[in-house]
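Student: This is the structure, below, for whatever I ask next.
The values are calculated or read from the model by the stated rules, or taken from the named source; none is laboratory data. Remember, predicted model here, so these are calculated numbers, not experimental data. Backbone-built Cβ (ideal geometry, glycine too); neighbour counts: all protein chains shown. Quick note on the areas: whole protein, heavy atoms, side chains included, nothing else; ligands and nucleic acids left out. Shrake-Rupley method; radii C 1.70, N 1.55, O 1.52, S 1.80 Å.
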Amino acid sequence: MKVLWKEFTKMLVVSNPLFVVLLGFCPALAITTSLDSALGMTFGLTFCIFFTNTIVSLIRKWIPNVVRIPVFIVIGATFVTIVDLVFHSYVPAIWAVLGIYLPLITTNCILLGRAESFAQHNRVVAAIGDGLGAGIGFGLAIIIISFFRQLFGTGVLSILGHTIVTLPLLNEHPIGIFILPPGAFLVIGLLHALFRRTGVEKSE
Amino acid sequence: MKKYYPIFFLAIIVLSSVVLLSITNSLTKDKILAQEEEATLTQLNNMFSEMTNYTLDGDIYFITAGDNIIGYAFKAIGNGYGGSISILIGLETDKTTVKGISIISNAETAGLGSRITLPSFTDRFIGKNINDVKLTQDGGQIDGISGSTISSRAVVETVRNTALEKIQELAD
């Protein structure tokens, strides 16, 4: 239990995939325009990393070194396809927004990276903690980014169709750049600077 | 024997993946089909407000209100700037006048080519004779979106070519 918690918090904060290690930029730039899509991505990615890490760790002793990358990709792609089919049938609106970025989780550097650099060398409990931490850590990061982008870019903050906050002036004159790709760079840059400033990185 | 172990191992992994995916597919298949049908129905409803039902013959939707056919609709796929564009096209009963179009999916540049999905563009097709569905600079009656000529032309050409094809099919 202690190992699980240790690996979980390690990925969540100390080496947060997005803010600290700077991995997974493609989805982070593309689908952080609304809280809904960020939540969908978080769920999808965490599910995939959790199962990929667990299975890779379970069979790590039998994986021949020469075919390890194909093995990781097949395992990852299987769970990504499951997520894709399930999203398509149960939450078609979110599935449509995530579009190509859902199947692209397969080649996501976080998914493959955790399998290659952690799960294949470690015991199952540690790999589970690591996987959940990486998924939720990345998820929290994109949720924070999409929070700012949606708030300033549209002036309205809504989640699953429920409006939470409506900003009086921004509602009529939203700052459009926040919704466009450059807005993602701005927000990620500022949050990364904040993470450095607060010294999260120094503890590594 | 040891030489073949990696091949053997990978085959087992792929086989388990296939089994797992076919189970998932059979569990979600019907739901996805139903989902897509409902989406089509909503789009047809938006185009033909009086519609009460539709029948699908081949790949043409016959739109009905009571016992009368009030129009035809079909899907078309064209090549845009960033990938394929899928379009739903509606025709009046005279088989030459466009009832309306709606973009089902596209991969055009966000903020530029993706403006083809906006009513301000798709409304330009309503009531046009199918033979006039060309860009203004190509001698037709549809104004393209400035800055998105490739996307606009892709939609216009796809609509006209597919519609002419389907009109031929309807006539036969």
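Student: Out of the residues in segment A:192-204 that are open to solvent by less than 70 Å² (accessible area, probe 1.4 Å) and touching a residue at least 24 places away in the same chain (Cβ under 8 Å), state the one that is nearest to the chain's Cα centre (by Cα).
Tutor: A:His192
Student: Scan A:Phe47, A:Phe51, A:Phe79 and give me the residue that is assigned to a helix (DSSP H, G or I), aromatic (Phe, Trp, Tyr) and farther than 21 Å from B:Ile12 by Cα.
Tutor: A:Phe47
Student: Turning to a different aspect of this structure: Looking only at segment A:160-179, which residues are assigned to a loop (DSSP other than H, G, I, E, B) and open to solvent by 80 Å² or more (accessible area, probe 1.4 Å)?
Tutor: Scanning segment A:160-179 gives A:Leu160, A:His173.
Student: Are there any pairs, at least 6 apart or on different chains, whose C-beta atoms fall under 9 Å, with the first in segment A:154-175 and closer than 12 Å to A:Asp36 by Cβ and the second of a type in the set (D, E, K, R) and at pLDDT 80 or above, and if so, which?
Tutor: A:Ser158/A:Asp36; A:Ile159/A:Asp36; A:Leu160/A:Asp36; A:Gly161/A:Asp36
Student: Of the conditions (1) part of a helix (DSSP H, G or I); (2) within 13 Å of chain B (Cβ to nearest Cβ); (3) open to solvent by 10 Å² or more (accessible area, probe 1.4 Å), A:Val125 satisfies every one except a single condition; which number is it?
Tutor: (2)
Student: Still on this model: So which of B:Asn46, B:Asn106 ends up being among the polar types (S, T, N, Q), crowded, with 19+ Cβ neighbours inside 10 Å and under 16 Å from the mean Cα position of the chain (by Cα)?
Tutor: Selected residue: B:Asn106, the only one of B:Asn46, B:Asn106 that is among the polar types (S, T, N, Q), crowded, with 19+ Cβ neighbours inside 10 Å and under 16 Å from the mean Cα position of the chain (by Cα).
Student: When only residues in segment A:180-191 that are open to solvent by 40 Å² or more (accessible area, probe 1.4 Å) and touching a residue at least 40 places away in the same chain (Cβ under 8 Å) count, which is farthest from A:Pro92 (Cα to Cα)?
Tutor: The selected residue is A:Phe185.
Student: Sort through A:Leu102, A:Leu112 and tell me the only one that's buried (at least 22 other Cβ atoms within 10 Å of the Cβ) and modelled with pLDDT of 85 or more.
Tutor: On the way: A:Leu112 fails: buried (at least 22 other Cβ atoms within 10 Å of the Cβ).
Exactly one residue qualifies, and that residue is A:Leu102.
Student: On to the next question. Considering only strands (runs of 3 or more DSSP E) fully contained in segment B:1-84, which possess at least 3 residues that are in contact (Cβ under 8 Å) with a residue 24 or more places away in the chain?
Tutor: So the answer is B:68-79.
Student: Would you mind stating whether B:Phe62 is open to solvent by less than 80 Å² (accessible area, probe 1.4 Å) and within 13 Å of chain A (Cβ to nearest Cβ)?
Tutor: No, not satisfied.
Student: In addition: Please enumerate the residues belonging to segment A:78-99 that are buried (at least 21 other Cβ atoms within 10 Å of the Cβ) and touching a Ser or Thr at 6+ places or on another chain (Cβ under 7 Å).
Tutor: Hits for segment A:78-99 are A:Thr78, A:Phe79, A:Val80, A:Ile82, A:Ile94, A:Leu98.
Student: Specify which of the listed residues (B:Leu10, B:Leu27, B:Leu33) is at pLDDT below 90 and either touching an Asp or Glu at 6+ places or on another chain (Cβ under 6 Å) or among the hydrophobic types (A, V, I, L, M, F, W, C) (or both).
Tutor: Checking each option against the conditions leaves just B:Leu33.
Student: Among the polar types (S, T, N, Q), touching a residue at least 40 places away in the same chain (Cβ under 8 Å) and closer than 28 Å to B:Ser146 by Cβ - does that describe any residue in segment B:85-93?
Tutor: Restricting attention to segment B:85-93, the residues satisfying the condition of being among the polar types (S, T, N, Q) are B:86, B:93.
Now restrict to residues that are touching a residue at least 40 places away in the same chain (Cβ under 8 Å): none.
Within segment B:85-93, none of the residues are among the polar types (S, T, N, Q), touching a residue at least 40 places away in the same chain (Cβ under 8 Å) and closer than 28 Å to B:Ser146 by Cβ.
Student: If you don't mind, there's one more thing I want to ask. From B:Asn68, B:Asn129, B:Asn106, which residue is out of contact with any Asp or Glu (no Cβ under 7 Å at 6 or more places or on another chain), over 25 Å from B:Leu41 (Cβ atoms) and not basic (Lys, Arg)?
Tutor: B:Asn129
Student: Let me ask something additional. How many residues does segment A:56-70 contain that are of a type in the set (A, V, I, L, M), surrounded by 16 or more Cβ atoms within 10 Å (Cβ to Cβ) and assigned to a helix (DSSP H, G or I)?
Tutor: 2
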